[in-house]
Ligand SMILES: [Zn+2]
């Protein structure tokens, strides 16, 4: 994959990247061949190998590097602090550990043997996070090799426990807070929005998990004798879990949003311009509808894409043998009408049953029922939870 001349890249860097393209790839392949699976103790020596490897590579481009042990896997800390007085310091975070590769039979090529197919690189860790981390290291190398300096101070922090919850990163940061002080933190552990669309992620979703034990009766009970009188722990648990979110998908736990800052308008505007395709997204993840959060967000923007997704979906219905089509979001009136028009088409009618789930708000706002009634084969089934079901 030779680097092509890119007008966005200054010519000296572009020339250097082209000249070093083969080596950069070969080194990345070396990195990817190390099975640094942090979750498996039998891979501990591989995880240590990956840390050593990265340490050497950072040192080779002119960083001062230290591999700092933690109670788990070590943190590789690279520093370059020769920027002019007053220059800002940026910290690049990444991780050199990877997820276990199982189930192995689902790999078309071995997980730890990088393989290029259709212009894409396949290997465990190639997009999480060795590839991204490597891009940062090589960008730094390109600058240092061609210009001998960087305009900013740079700290690279690479941990080996991201895939197992980063248990020891917090204590590490606390312990080295002064040394890690930076004006900007760049998380390398993220993705481009789509090929050709580089992205700046302004926030990431986190997670919190808990184990809940619900205690029930001491033995199995006959439903005829005890049902109703004794609470079924499975039902109690379902009720507890159902209280975590409201019908709009917002977290309903008191205080949850207290420290959450609202998105600046510029970020919201930026998100609205992204060419997100709901139908393609649903197809990719194999679901028939999207969550309320997604559809609500969709209603707030992206008129143009919504127009496209309506047509795409109808096209998909015709092309495939789908018996269930779901439209979690048709945000704009024209598209609802257009889709119904297309689904009501004689070529489709009578061939198979197609279910169209339309967000209930859309049904209300755009009088989908009235529209659907124009076609004898379309029947509105009524609300199902958040959605209404239309049957063709
Ligand atoms: Zn990651």
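Any read-out appearing in this document is the output of simple, stated calculations on the displayed coordinates, not a laboratory observation. Please read these numbers as outputs of a predicted model, since none were measured by experiment. Glycine gets a Cβ as well: all are built from the backbone with ideal geometry, and neighbour counts include every protein chain shown.
Starting from 0.36 nm per residue, how many nanometres of slack lie between residue 20 and residue 44 once their C-alpha separation is accounted for?
Once the chain is fully extended between residue 20 and residue 44, it gains 5.5 nm.
Among bridges DSSP assigns within the stretch 11-187, what percent are antiparallel (round to 5)?
So the antiparallel bridges amount to about 50 percent of the total.
Ranking request for peptides 161-169, 232-240, 121-129: highest mean number of other beta-carbon atoms within 10 Å first, then the rest in descending order.
Sorting 161-169, 232-240, 121-129 by mean packing, highest first, produces 121-129, 161-169, 232-240.
Taking 0.36 nm per residue of sequence separation and subtracting the Cα-Cα distance, how much length would be gained by fully extending the chain between residue 105 and residue 260, in nm to one decimal? Write down the numbers at each step before the final one.
Values: separation 155, 0.36 × 155 = 55.80 nm, distance 4.19 nm.
That pair, residue 105 and residue 260, stretches by 51.6 nm at full extension.
Please give the peptides 48-58, 194-204, 264-274, 110-120 ranked by average Cβ packing (other Cβ atoms within 10 Å per residue), highest first, as a rough proxy for protection.
48-58, 110-120, 264-274, 194-204
Working out 0.36 nm times the residue gap between residue 229 and residue 268, then minus their Cα-Cα distance, what length gain in nm do you get to one decimal?
9.0 nm
Using 1/(1 + (r/R0)^6) with R0 = 22 angstrom and r between the beta carbons of residue 285 and residue 202, what's the FRET efficiency to the nearest 0.05? Let's see the in-between values first.
Working: r = 23 Å, r/R0 = 1.05.
Result of the calculation: an efficiency of 0.45.
Computed FRET efficiency, Cβ-Cβ of residue 218 and residue 246, R0 45 Å: what is it to the nearest 0.05?
0.80
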